[in-house]
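S.K.: This is the structure, below, for whatever I ask next.
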Amino acid sequence: MRRMTLLVLGILLVFGSATTFTDDGGSRRINVRLSGYEETLVALSTTGNGHFRARISKDESEIAWQLSFGDLEGTVTQSHIHFGARAQTGGVSVFLCSNLGNGPAGTQACPASAPEDAPLTGVATAANVIGPTAQGIAPGEFAELIAAIRAGIAYVNVHSTKYPGGEIRAQFPPAEGSERHDH
């Protein structure tokens, strides 16, 4: 009986952490789970966890998003959408929140936690894209960010005082039919 319970729990963990990128009548929905295991340079064994959900509008003019997180080992400092392939660190494209005063005007403060029933929410548009220019995305180039997200070459990251480079992260999955370049 114990063996069967462990097997069922293992299956639930595998499917429970799955990421999706689905077509919803023209709009695109993204649903990813954040963990320390996705962090770069060194995977982190942290108690932190999170969930990022987003919808790219049909006309691709905005991304409505919600971010939940909790059990972080450090105090949240900031969160972003980054441009970067799996297992690589990339530059910031969009600020989701910041407590460091380094975000563009209008960037909301990060809460200590954002549970599933009270997630941090926002809408990103071309006005929110700050780059990264060194990686070929100029400020305001929203179509470039959408292309990177669809290709699976973007990720969401929550940074903390204990892990300034990022405590939890989730890579966006490539959209069905998209070509992915991880080099």
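S.K.: Between region 81-150 and region 55-70, what is the separation of their alpha carbon centroids in Å?
M.R.: 11 Å
S.K.: Further question on the same structure: If every alpha-carbon in region 19-171 counts as one equal scatterer, what log10 I(q)/I(0) does Debye give at q = 0.13 1/Å?
M.R.: One equal scatterer on each Cα of region 19-171 leads to -0.52.
S.K.: Can you put Val129, Val156, Val123, Val42 in order of Cβ neighbours within 10 angstrom, beginning with the fewest?
M.R.: Numbers: Val129 24, Val156 28, Val123 13, Val42 9.
Result, fewest neighbours first: Val42, Val123, Val129, Val156.
S.K.: Within a 10 angstrom radius of the beta carbon, how do Ser79, Ser61 rank from fewest other beta carbons to most?
M.R.: Working: Ser79 28, Ser61 13.
Ordered from fewest to most neighbouring Cβ atoms within 10 Å, Ser79, Ser61 come out as Ser61, Ser79.
Every number in this text was worked out from the coordinates using simple rules, so none of it is lab data. Source: prediction; values computed, not measured. Positions of Cβ are generated from backbone atoms using ideal geometry, with glycine treated the same way; all protein chains shown enter the neighbour counts.
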